[in-house]
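Q: Here it is, the structure, as structure tokens.
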2 protein chains.
Amino acid sequence: MLAIQASGYGYNTTTMAALNSQLGVNFPKGFKSAGVYCGIKKPGLLDLALIVSETEASVAGVFTTNRACAAPVRWSRQVVAGGRARAIIANSGNANCLTGEQGERDAARMAELVAKRLGCEPTQVVVASTGVIGVLLPMNAIESGVAQVFDRLSDGDDRTTADAILTTDSASKRASLEVATPAGAVRIGAIAKGAGMIAPNMATMLAFITTDAHISPADLQACLTHVVEQTFNSITVDGDTSTNDMVVVLANGASGVELTGEALQAFETGLYEVCEYLAKRIVKDGEGASRIFEVRVSGAADHATARQIAHTIAESLLVKTAIHGGDPNWGRIIAAAGRAGAPIEVNRTRLRLQGVLVFENGQPAEYDERDLVEKMQSEEVHIALELGEGDGAARFWSSDLTTEYVKINAHYRT
Amino acid sequence: MLAIQASGYGYNTTTMAALNSQLGVNFPKGFKSAGVYCGIKKPGLLDLALIVSETEASVAGVFTTNRACAAPVRWSRQVVAGGRARAIIANSGNANCLTGEQGERDAARMAELVAKRLGCEPTQVVVASTGVIGVLLPMNAIESGVAQVFDRLSDGDDRTTADAILTTDSASKRASLEVATPAGAVRIGAIAKGAGMIAPNMATMLAFITTDAHISPADLQACLTHVVEQTFNSITVDGDTSTNDMVVVLANGASGVELTGEALQAFETGLYEVCEYLAKRIVKDGEGASRIFEVRVSGAADHATARQIAHTIAESLLVKTAIHGGDPNWGRIIAAAGRAGAPIEVNRTRLRLQGVLVFENGQPAEYDERDLVEKMQSEEVHIALELGEGDGAARFWSSDLTTEYVKINAHYRT
């Protein structure tokens, strides 16, 4: 895995158990969760999720950089700044975004409702919302929903929790893993949603992660920031960063295993595994997507340059449509790299599609076009661009652009 | 017209004759042109255009910023640096891009072939190419084509010239105008092509402009740079800046009217009219486009900020698909503005769709949804975002994103 190598992850991943996609946030010790229908979405769909740690936990988070961010994002940033939390309450179907002062009050009220039941401060409750922009939350529905969801809390199967945060996703997304660190075994569990950086007037990418590791808020934040940059921040479906994006992790220490040094590094590797799996699941579930592709850029002057070029290629409509058509249209890839705003020297650039060298020395390489076209029909396409400038490397995952994407997004509301 | 006001164009456009879309580069005195079939495209399609000034002309140009730019772009940059030129030779069907050293030699050879016939230096011949990337030019075809096109040169109808630079365009694009400046009347003529910033593995946006005004290369370049930023550089179809983009203007002085001061300003206004018309034509002809939309941003801290926000909205896939669906989905517009990387204050932001106020004071405004949906079905949609920060204003034109765009670009080669 390029990203792991490039960023210096050195931990031996064979000491980890296989990733489990049938259990999420309830896998680590000392967590309970549930999801219920409270009345925001259509009946039959779950729309309110609660995750509770039995004890106070370290909390870390990464939030959207969108300036038009939603009220729950502003609320939860404050919670994370405090470093300690007990719970995450999240609704789907309504983003509580661009809803003015009433929106701010409603986000705070969601935290209060949960805090009252737990006997903690509202500032220890993370709040997240995803759904329609510009519509006030139905607070009566939320109030009765919070009562219901507490009644359903369980440390068993967490499928309802995962389902209750979905919007246009076609499937729920869970992942969990046990990591055998030098200090002892810790567990990591997570749920995520997202099928478009903004789905049709719906927001967003959300991921909630739990762990029973004992870890300080500062260390937890450092791990999360590092991992998110290479996983959730290295995927794109349509380039539209949502107003409600949020990745939050709670670490309650219930394993009794304190993480520092090498054990902390092992934990970060495990966190990477979980986040990478979910990030790829989000791309695969991208609106209308028929296949996904990986863009690896290496040999750039530095990491930032590599990232900028990989991102531009991953978001190019012409690259995304060519991938959809199974077309080894490498001119579009070099052209996208050329407009990324970073210096590239075409004469030193080498490009491989599905492992086949298609461009070097400033001109097309010799290759078997028919063979390559066949290779491009795969479910995963790999693009590798070497710049010959330095050691900077980065990677992005993206989905193809299909007529289905256009249909979903053009005809959703009207 | 916002751009004109914002940039201080003060000239009274009523002193200009109406813009003519049936004649292009042959309208000004002292220019001849023609287009022929030389054998690059399929028989029956024109693929080689020549524009000749009877006398040496001032030349100015604006070129793609793509780092993977084509050989003819590098060649023509040098021509423009020299300030004087006699002709423009342009082929379609092959971009002569990513073609290595042979590509450089071929671009120079195109200039030599023309220069020999005109008895001028090769460095006075602008060369442009548009079409498939990564394939060497068929130079035998070009050589015989240059001989043919000289035989067809005419100062009458220039339809063949306009047609010979097209690729996926659905119609040829010409514009001409006579400007009555205080110093006397001068004429401006132009042809353009483009239907995607990069069409299916084809490049590009090209515009060639002629004028019989007497104007220095430096003044010509200043006018062109200023006008292009607000016209050809303020449109987007798919955000993919091509490797071959080029706008070049030749001013041969055949009118005997020397432009300085107010007369120069009048000329720039005329140049703006011509370029704006052609830029909008390119967007209307955007691959798969069913309607176009204008994004006006005002009240930004400065022009650059306004431009950045307008550009981000104009390129957002979610905005483009909403426009396609005739959906007044304003949350996507504010969300795109919010992620543009510029500071905006949602509470001071006002948004109008088709003149209807939909958002202010950080929350939805009251409006008649059914009436607005009806207004959104128009051929041109207008988005106006006021930020309440300062005097910066900018405007972008964009086309909607349709299933047809995806089909054109996914299934073109394979």
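Q: So how far, in whole Å, is the C-alpha centre of segment B:163-178 from the one of segment B:276-318?
A: 21
Q: Please list the three semi-axes, largest first and in whole Å, of the ellipsoid equivalent to the protein assembly as shown, using sqrt of 5 times the eigenvalues of its alpha carbon gyration tensor. It would help to have the intermediate numbers written out before the result.
A: Details: eigenvalues 578, 184, 82 Å².
After diagonalising the Cα gyration tensor, the semi-axes are 54, 30, 20 Å.
Q: While we're here: Out of all DSSP beta bridges with both ends in chain A, state the antiparallel percent to the nearest 5.
A: On the way: 57 of 81 bridges.
In chain A, DSSP labels about 70 percent of beta bridges as antiparallel.
Q: Okay, moving on. Quick check: the distance between the Cα centres of segment B:74-133 and segment A:22-96, to the nearest angstrom?
A: Each part reduced to its Cα centre gives a spacing of 60 Å.
Q: State to the nearest 20 debye the size of the charge dipole of chain B about its Cα centre, where the only charges are +1 on K and R beta carbons and -1 on D and E beta carbons.
A: Working: 36 positive and 47 negative charges, 191 e Å.
It works out to roughly 920 debye.
Q: Per-residue HN-Hα couplings for segment A:341-355, Karplus 6.51 cos²θ - 1.76 cosθ + 1.60 at θ = phi - 60°, whole Hz, x for Gly and Pro?
A: My calculation for segment A:341-355 gives x, 10, x, 10, 10, 4, 5, 9, 8, 10, 10, 10, 10, 6, x Hz in order.
Q: Under the convention of a label 7 Å out along Cα→Cβ, give the distances in nm from B:ALA301 to the same position in every other copy, shortest first.
A: Spelled out, the distances from B:ALA301's label point are 2.5 nm.
Q: Sticking with this structure for a sec: Using Cα pairs under 8 angstrom and six or more residues apart, how large is the relative contact order of chain A, in percent? It would help to have the intermediate numbers written out before the result.
A: Values: 1063 pairs, mean separation 76.0, N = 414.
Taking the mean separation of contacting Cα pairs over the length of chain A, I get 18 percent.
Q: How far, in nm, would the chain grow between B:GLU56 and B:LEU136 when pulled straight, counting 0.36 nm per residue and subtracting the alpha carbon separation?
A: 25.7 nm
Q: Kirkwood hydrodynamic radius, chain A, all distinct C-alpha pairs: what's the number in Å?
A: 21.8
Q: Give me the one-decimal nm value for the distance between modelled label points at A:THR260 and A:ASN347, 7 Å along each residue's Cα-to-Cβ direction.
A: 5.5
Q: Same structure, new question: Using R₀ = 41 Å, calculate the FRET efficiency as 1/(1 + (r/R₀)^6) where r is the Cβ-Cβ separation of B:ALA222 and B:ALA365; round to 0.05.
A: Numbers: r = 42 Å, r/R0 = 1.03.
Result of the calculation: an efficiency of 0.45.
Q: Remind me, relative contact order of segment A:114-221 in percent, using alpha carbon pairs under 8 angstrom and six or more residues apart?
A: On the way: 115 pairs, mean separation 23.2, N = 108.
Contact order relative to length: 22 percent.
Q: Using a label point 7 angstrom from Cα along Cα-to-C-beta, what distances in nm, from shortest up, separate A:THR65 from the other copies?
A: Those separations, rounded to one decimal, come out as 1.8 nm.
Q: For the rotation taking chain B to chain A, which residue of B has the Cβ nearest the axis, and how many Å away is it?
A: Rotation axis B onto A, closest Cβ, rounded to whole Å: B:THR403, 2.
Q: Between copies, how close do the A:GLU366 label points come, placed 7 Å along Cα→Cβ, listed in nm from shortest?
A: Listed shortest first, these distances are 7.6 nm.
Q: Okay, next question. Provide the gained length on full extension for the span B:GLN377 to B:GLN78, in nm with one decimal, where the gain is 0.36 nm per separating residue minus the Cα-Cα distance. It would help to have the intermediate numbers written out before the result.
A: Working: separation 299, 0.36 × 299 = 107.64 nm, distance 4.67 nm.
Working it through step by step, the gained length comes to 103.0 nm.
Q: Tell me the mean residue ellipticity at 222 nm calculated for chain B from its helices only (DSSP H runs of n ≥ 4, each -39500 (n - 2.57), averaged over every residue, nearest 500).
A: Working: 12 runs with 139 residues, N = 414.
Rounded to the nearest 500, it is -10500 deg cm²/dmol.
Coordinate-derived values only; no laboratory data. A quick note: this is a predicted structure, and the numbers were derived from the prediction, not measured. Cβ coordinates were reconstructed from backbone atoms using ideal geometry, including for glycine residues, and neighbour counts include every protein chain displayed.
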